[in-house]
Amino acid sequence: MPLNEIGARIAAAEAAAQRPSGVVQLIAVSKEQPEDRVLPVLEAGHRLFGENRVQEAAGKWPRWRETFAEVELHLLGPLQSNKARQAMELFQTIHSLDRPKLAQTFARLAQEMGQCPQMFVQVNTGAEPQKAGILPEDADGFIKDARALDLPIIGVMCIPPVDEDPAPHFAHLARIGARNGLDALSMGMSDDFEVAIAHGATHVRVGSAIFGARR
Ligand SMILES: *Cc1c(COP(=O)(O)O)cnc(C)c1O
C-alpha cells in the first residue's frame, strides 16, 4: 500500500479518536525487505525506519544513510547484551528494553560513551512464555529501576498475542504508561495500527502494509 495511503489512515484514526493531528509517528519496518522496496520509501521522503536485528541493520543502513543522512532508526527486536554497544551506535531509539541485565549494560555503556538512545520498556502484556518483555506486574518496578540507572525511558511497547483481540492489550499498555508518567506508546502493526491509535499509540510499527509481505 502506498505510504500516503497509510498516512491517510493514520490521520483518519487520529481524528476518529479526537487526538491531535500528527501525534502518531509512523515507523516503517524495513526488516527483511529488499532494497528495491525500501529506496522508494526513502525517496518519497520518509525518514523513520524500524529494524529487528542489529546485524541486519548494520549491513544496510550505513550505506543508505550516506544518501539519506537524516534517517532515524529504531530497534524493535530483542537484543543480546553483547550487541548493545553496536545497537547504541546505530539506533536513535530502542523499543526492546526487556530485562534488568540489559538495562545495566546500557547504563554502563551510556556512561562510557556519553550518549544513550531513547528507550521503550517492552511489556509482555499477554504473559506469553516464549515472548520477550517484562511481565505487566513487574513493569512499574522495572521502570523505576531503569530510571534510577539514568536511562532515558520515554515509553512502553507491546506486541499482543497473535491470536487474540489486540484492543485489551493496547488498553493495558496505555494504563501502564499512564501510571508511570510515560507519554510514548509503541503499539500497533500492519493489521491493527488503527486500533492502537484509538488506544493512544504514539508510535505505530508498520512493515508489510507498506512494503509488501516479507520474503
Ligand atoms: C516485524 C515487526 C513489526 C511489523 O510487522 P508488520 O506486521 O509487517 O507490520 C512491528 N513490530 C515488531 C516488533 C516487529 O517485529
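Considering only the range 114-129, I want to know if a residue exists there that is open to solvent by 70 Å² or more (accessible area, probe 1.4 Å), more than 29 Å from Pro62 (Cβ to Cβ) and either modelled with pLDDT under 95 or outside any helix (DSSP H, G or I) (or both). Yes, the range 114-129 contains at least one residue that is open to solvent by 70 Å² or more (accessible area, probe 1.4 Å), more than 29 Å from Pro62 (Cβ to Cβ) and either modelled with pLDDT under 95 or outside any helix (DSSP H, G or I) (or both). Looking only at residues that are out of contact with any strand residue (DSSP E or B) (no Cβ under 7 Å at 6 or more places or on another chain) and among the β-branched types (Val, Ile, Thr) in the range 149-165, which one is surrounded by the most Cβ atoms within 10 Å (Cβ to Cβ)? Only one residue tops the list, namely Ile159. A Cβ distance below 9 Å, combined with a sequence gap of six or more or placement on separate chains, defines the contacts here; from the range 1-22, residues that are within 18 Å of Ile210 (Cβ to Cβ) and modelled with pLDDT of 95 or more reach residues that are charged (D, E, K, R) and open to solvent by 60 Å² or more (accessible area, probe 1.4 Å) in the pairs Arg9/Glu194; Ile10/Glu194; Ala12/Glu194; Ala13/Glu194.
Go through Ala58, Ala146, Ala87 for me and flag whichever is within 16 Å of the ligand (Cβ to nearest atom), open to solvent by less than 70 Å² (accessible area, probe 1.4 Å) and in a helix (DSSP H, G or I).
Details: Ala58 fails: within 16 Å of the ligand (Cβ to nearest atom); Ala146 fails: within 16 Å of the ligand (Cβ to nearest atom).
Exactly one residue qualifies, and that residue is Ala87.
Residue-level check: of (1) surrounded by fewer than 14 Cβ atoms within 10 Å (Cβ to Cβ); (2) over 23 Å from Ala196 (Cβ atoms), Trp64 misses just (1). The residue of the range 95-108 that is surrounded by the fewest Cβ atoms within 10 Å (Cβ to Cβ), among those that are more than 15 Å from Ile134 (Cα to Cα) and of a type in the set (A, V, I, L, M, F, W, C), is Ala107.
Among the residues of the range 61-84, write down those that are more than 16 Å from the ligand (Cβ to nearest atom), farther than 17 Å from Cys116 by Cα and small (Gly, Ala, Ser). Scanning the range 61-84 gives a single hit, Ala69.
Scanning for something out of contact with any His (no Cβ under 9 Å at 6 or more places or on another chain), outside any helix (DSSP H, G or I) and surrounded by 12 or more Cβ atoms within 10 Å (Cβ to Cβ), does the range 14-25 turn up at least one residue? Yes.
Looking only at residues of the range 166-215 that are of a type in the set (Asp, Glu) and more than 8 Å from the ligand (Cβ to nearest atom), we find that the one that is surrounded by the fewest Cβ atoms within 10 Å (Cβ to Cβ) is Asp183. Against the definition (more than 12 Å from the ligand (Cβ to nearest atom) and among the basic types (Lys, Arg)), how does Arg53 come out, yes or no? Considered against the rule, which asks whether it is more than 12 Å from the ligand (Cβ to nearest atom) and among the basic types (Lys, Arg), Arg53 comes out as no.
The values are calculated or read from the model by the stated rules, or taken from the named source; none is laboratory data. Because the structure is predicted, anything quoted here is derived from the model rather than measured. Ideal geometry is used to build each Cβ from the backbone, glycine not excepted, and the neighbour counts take in all protein chains shown. Remember, those area values only see protein heavy atoms, side chains included, never the ligands or the DNA or RNA. Shrake-Rupley method; radii C 1.70, N 1.55, O 1.52, S 1.80 Å.
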